[in-house]
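Working notes, structure below.
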Amino acid sequence: STAFSATFSEAGNADLYQQVVEQVGHESEYQKHVIIINLMEVAAEAVDSFTQSWSHASESVAQMEGFISATLYQAVDPENRFQFVNYAQWDSAEAHSKFRQQLAAAPDKFTVHSGMYQVALVSEAITP
């Protein structure tokens, strides 16, 4: 860190160094978030009911402590085993656990395969 700082300072890029530090600090915070990925098996005749239920439930979830965001994806092919995939971010495993405890009381209408993940690597396109 000190050598990195000195290199930028000697080159007259102290402002650039500060931007890098801020960006790296922000990225480190991002990596502390817990990622939940849910694969959902929903019968073709239940797709409309599922999306309505999801829309209604998302209003409550959005107000929960520790919730950051969620994105629901629907399969393009109606024959896919997993018709829906949810990518959600939570502040911590504890916050998600509280949510799961509340969810346990809800009746099971759909088969959900869930996993908890952390960011391991982010790749972005390189433009010339």
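The values are calculated or read from the model by the stated rules, or taken from the named source; none is laboratory data. All figures in this text were calculated on a predicted structure; none of them were measured in a lab. As a convention, Cβ positions derive from the backbone with ideal geometry for all residues, glycine included, and neighbour counts pool all protein chains shown. Areas reflect the complete protein model, heavy atoms only, side chains present, ligands, DNA and RNA absent. Shrake-Rupley method; radii C 1.70, N 1.55, O 1.52, S 1.80 Å.
Taking every residue in segment 45-72 that is in contact (Cβ under 8 Å) with a residue 40 or more places away in the chain and on the phi < 0 side of the Ramachandran plot and pairing it with any residue that is open to solvent by 50 Å² or more (accessible area, probe 1.4 Å) and among the β-branched types (V, I, T), at least 6 positions away or on another chain, yields no pair with a Cβ-Cβ distance below 6 Å. Here is the figure for segment 75-93: residues that are closer than 17 Å to V119 by Cα and of a type outside the set (S, T, N, Q) total 5.
The numbered conditions (1) over 15 Å from the mean Cα position of the chain (by Cα); (2) modelled with pLDDT under 85 are all true for V119 except (1).
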